[in-house]
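Just so it is clear, none of the values below were taken in a lab; they were calculated from the coordinates. What you are looking at is a predicted structure, and each value in this text was computed from that prediction instead of being measured. Cβ: placed from backbone, ideal geometry, glycine included. Neighbour counts: every protein chain shown.
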Amino acid sequence: MVFCRYYMSMSKAHRLLERVCALFRAQLRRVSTEHGLKLVQLEALVYLSSANRYSNTPLALTEYLALTKGTVSQTLKALESRGLVTKIADEHDRRVQHCVVTDEGAAVALEALRLPTGGDAPHLESALRDVLRALQRTGDTRTFGVCNTCIHHQVEGPRTRCGLTGEPLRKAERTKICREHEPIPLRT
């Protein structure tokens, strides 16, 4: 009875979002099962395939998936043993490990992300982006947004750099997820 009252009091938007999330997770479970992975392993693989060099670390993965360090450590070990991820020491700080997705891992991640959009992908993406921004504004969490939508993304002629670190950004990094992302304020 309590659940029934809770469900009835949910807004229509909340019920739709809950259903979309359930269907998306079902898709992820299907792909993870087909590849002999646990769901958390596939989620880690999907994130790492989209993460830039500031965000492909075990710590960033821990924050993004909101898991414990131990769970992430075991997840990465399993992905490494399957040849889906390789750990590489940072060239500036050898204590930092970068988790790089192999070609095989990238193919699995790409398969997990193939979703039907009903032919209206730009509209769907825009609507989902609006929902995500609203949820992020209400919580105290990192945005983990795409680099080229960040306040720190600086274009200087043909070159770009991160205004936070001062480092140049390679072309491929500009469309990757960054844990240091700060959204550009919306114009009113």
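Remarks
- Over all directions, the projected convex hull of the C-alpha atoms in the range 28-75 averages 3.2 nm² in area.
- Of Lys77/Lys171; Lys87/Lys171; Lys12/Lys69; Lys38/Lys171; Lys12/Lys176; Lys38/Lys69, pairs whose Cα-Cα distance is over 27 Å: Lys77/Lys171; Lys12/Lys69; Lys38/Lys171; Lys12/Lys176
- Projected label points at Asn148 and Lys12, each 7 Å from Cα along the beta carbon direction, are separated by 3.6 nanometres.
- Peptide ranges 93-101, 17-25 listed from the most packed, as the mean C-beta count within 10 angstrom indicates: 93-101, 17-25
- A simple rule links phi to the HN-Hα coupling: the Karplus curve 6.51 cos²θ - 1.76 cosθ + 1.60 with θ = phi - 60°, which for the range 160-171 gives 10, 8, 8, x, 6, 9, x, 8, x, 10, 6, 3 Hz, with x for Gly and Pro.
- Built amide H within the under 5 Å cut-off of His152, gap 5+: Glu182
- Long-range tail of P(r) for the range 29-133 (Cα pairs > 23 Å, %): 32 percent
- Shown is the FRET efficiency for Arg25 and Val100, computed with R0 = 22 Å from the Cβ-Cβ distance and rounded to the nearest 0.05: 0.30.
- Leu113-Ala78 FRET efficiency (beta carbon distance; Förster radius 22 Å; 0.05 resolution): 0.65
- FRET efficiency estimate (nearest 0.05) - Cβ-Cβ, Lys38 to Asp93, R0 35 angstrom: 0.70
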